[in-house]
Amino acid sequence: QVQLVESGGGLVQPGGSLRLSCAASGFPFSQYTMSWYRQAPGKERELVAGIASGYEETNYADSVKGRFTISRDNAKNTVYLQMNSLKPTDTAVYYCKAVHWNARTYWGQGTQVTVAS
């Protein structure tokens with residue numbers, strides 16, 4: 001059974017750091033493009049960062065570029081999001097997503113990140 005389980009969220013002060021993890025199982029992880037999305041209360045879900053299979057090209061939303069880093073460990077079936085210099089506007093539920101061009105798309109349940117003094 002396919003599972004994506006996010007962890008690592010919590011409360012952090014502005015300027016602080018967190019590292020999110022997404023543990024995957026039930027599908028060939030290394031063949032999937034992985035990404036992180038976030039959704040704040042009352043707002044639409046938005047793409048934060050993505051990392052491809054193979055050469056592991058990455059892309060980032062302009063709002064997080066230079067502050068966040070996405071990475072993956074195929075041996076552990078895990079994708080990470082290192083978040084530095086956090087801002088209150090980063091507060092949201094963060095979701096892990098797995099995509100294959102010729103297969104189903106999978107979503108995790110999300111982990112809460114709150115940036116506040």
Extent along principal axes [Cα atoms of the chain; Å; largest to smallest]: 42, 26, 24
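Only Cα pairs under 8 Å and at least 6 apart count here; give the relative contact order of region 10-113 as a rounded whole percent.
Dividing the mean separation by the residue count of region 10-113 yields 34 percent.
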Separation in nanometres of the label points that stand 7 Å from Cα toward Cβ, at Gln82 and Leu47: 2.3 nm
Alpha-carbon centroids, region 17-47 and region 53-100: separation in whole Å: 7 Å
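Any idea what the dipole of region 1-94 comes to, in debye rounded to 20, about its Cα centre with Lys/Arg Cβ at +1 and Asp/Glu Cβ at -1? Mind dumping the intermediate values first?
Working: 9 positive and 8 negative charges, 38 e Å.
I would put it at about 180 debye.
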Ranking by accessible area, most exposed first, for Asp90, Asp62, Asp73 with a 1.4 Å probe: Asp62, Asp73, Asp90
Histogram of C-alpha separations across region 1-63, 5 Å bin width, %: 4, 13, 18, 26, 23, 10, 6, 1
Listed residues Pro14, Pro88, Pro41, most fluctuating in the chain (Gaussian network, C-alpha, under 10 Å): Pro41
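Which three semi-axes in whole Å describe the equivalent ellipsoid of region 54-98, each the square root of 5 times a Cα gyration tensor eigenvalue, listed largest first? Please report the intermediate quantities before stating the final value.
Numbers: eigenvalues 88, 31, 18 Å².
Those come to 21, 13, 9 Å.
Any chance you could run the full-extension gain for Gln3 through Ala75? It's 0.36 nm times the residue separation minus the Cα-Cα distance, nm to one decimal.
Numbers: separation 72, 0.36 × 72 = 25.92 nm, distance 1.62 nm.
24.3 nm is the gain from fully extending Gln3 to Ala75.
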GNM result for the chain, Cα springs below 10 Å: residue of Lys97, Lys87, Lys65 fluctuating most strongly: Lys65
Sum of side-chain charges, Gln82 neighbourhood, beta-carbon under 10 Å (Lys, Arg +1; Asp, Glu -1): +2
Residue among Gly50, Ala98, Gly110 farthest towards the positive dipole end of the chain, charges placed on Cβ: Gly110
Reachable aspartates and glutamates, given that their alpha-carbon falls under 16 Å from the alpha-carbon of Lys43 and they are not under 8 places away in the same chain: Asp90
Most mobile of Asn59, Asn84, Asn102 in a GNM of the chain (Cα contacts under 10 Å): Asn102
Dipole-positive endmost among Met83, Tyr37, Tyr60 within region 9-92 (Cβ charges, Cα centre): Met83
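The values are calculated or read from the model by the stated rules, or taken from the named source; none is laboratory data. These numbers were taken from a predicted model, which means no experiment stands behind them. In this analysis, Cβ positions are derived from the backbone assuming ideal geometry, glycine residues included, and neighbour counts consider all displayed protein chains. Each accessible area value is taken on the protein alone, full model and side chains, heavy atoms only, with ligands, DNA and RNA left out. Shrake-Rupley method; radii C 1.70, N 1.55, O 1.52, S 1.80 Å.
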